[in-house]
Amino acid sequence: MTVVAEGKTTNEAIENGLKQLNVSRDCVDIKVLESDDKRSFFSILAPRVVKVELTVKENVEKKEVERPKKTEIVVSPENQQKAKENAEKFLEDFVKYLPEGTQYEISTSESGINIQLKNEKLGYLIGYRGETLYALQTILSSVASKGIEQKMRVILDIEGYKEKRQKTLEELAQKVAKTVVRTRKSVTLEPMQPYERKIIHSQLQNHPKVETVSIGEEPHRKVVVSLKRK
């Protein structure tokens, strides 16, 4: 994976690139693309800009990027039912404070429970890019897990937001892939929720010319789309 970074000095540019890749200096090959060592008299007042190209070493990239697959936790039927009862008790009171006509549905699965909230007026519970929805999902996860020793997964959706968002992200992934192929430059997307990053990775995992990797730390973790190295 390769990125181009800028800075006022070579070291600053390198540090900026390392932050993008989320790796240490000994994990990359560095190439200075543009420096200010030979600045002319007429450019002396222009801002100092140094550009460097950082390429993650092949053996490091595999070690850093490839993560062990998570083992799916199977929730017992008893715990599924207990989690459902916990969520129902909470939601019965919660919907009283929501717009009139709000309904909820709860279904169980081997990984936990799924909750659907339905009302056209619940946009404020979704928030910008689903931030409020995911916060509420975290709360419901804690509520559903009360009295249960086993880890409980709760998936919340409001008015089909996640399905619509998935379609938008799939279209974005294809659009960005075309841009990367055309310009031959990597594209770093804005920070996303883990669920959303997974959509981007899945959409492009079989693409013949581009590859994806997540960089940074939560909650600012991002997906980088770049050309595959031959």
Note: Ala135 to Ser202 extended length (0.36 nm per residue) minus current alpha-carbon separation gives 21.7 nm
Of the candidate values (i) 57, 32, 24; (ii) 73, 37, 31; (iii) 55, 53, 33, the one computed for Cα extents along the principal axes in Å from this structure is (ii)
Quick calc: nm separation of the 7 Å Cα→Cβ label points for Glu15 and Glu110 -> 5.0
Computed about the Cα centre, the charge dipole of segment 77-159 from +1 Lys/Arg and -1 Asp/Glu charges at the Cβ has a magnitude in debye, to the nearest 20, of 180
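Holding the Cα-Cα limit at 18 Å, pick out from Lys167/Lys228; Lys175/Lys209; Lys118/Lys167; Lys185/Lys222 the pairs that are longer than that.
Numbers: Lys167/Lys228 25 Å; Lys175/Lys209 13 Å; Lys118/Lys167 20 Å; Lys185/Lys222 16 Å.
Cα-Cα > 18 Å for Lys167/Lys228; Lys118/Lys167; rest within.
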With 0.36 nm assigned to each residue of separation and the Cα-Cα distance removed, Val74 to Lys178 gains 33.5 nm
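Counting helices only, and only those DSSP H runs with n ≥ 4, report the 222 nm mean residue ellipticity of the chain as the sum of -39,500 (n - 2.57) divided by its residues, in deg cm²/dmol to the nearest 500. Spell out each step's value before the answer.
Details: 6 runs with 86 residues, N = 230.
Helix-only estimate at 222 nm: -12000 deg cm²/dmol.
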Longest principal axis of the chain (C-alpha) makes with the long axis of helix 161-183 (C-alpha) an angle, in degrees to the nearest 10, of 10
Taking the alpha-carbon centre of each part, the distance from segment 142-194 to segment 200-214 in Å is 14
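Report, for segment 77-159, the % of DSSP beta bridges that are antiparallel, rounded to 5.
Numbers: 7 of 13 bridges.
The antiparallel fraction comes to roughly 55 percent.
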So the angle from the long Cα axis of helix 10-21 to the longest Cα principal axis of the chain, reported in degrees to the nearest 10, equals 30
For segment 89-230, the dipole about the Cα centre with charges only on Cβ (Lys and Arg +1, Asp and Glu -1), to the nearest 20 debye, works out at 1140
Two pseudo-spin positions, 7 Å from Cα along C-beta at Ile148 and at Glu171, lie apart in nanometres by 3.6
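Values in this text are rule-based calculations from the coordinates and carry no lab data. Keep in mind the model is a prediction, meaning the values are calculated, not measured. In this analysis, Cβ positions are derived from the backbone assuming ideal geometry, glycine residues included, and neighbour counts consider all displayed protein chains.
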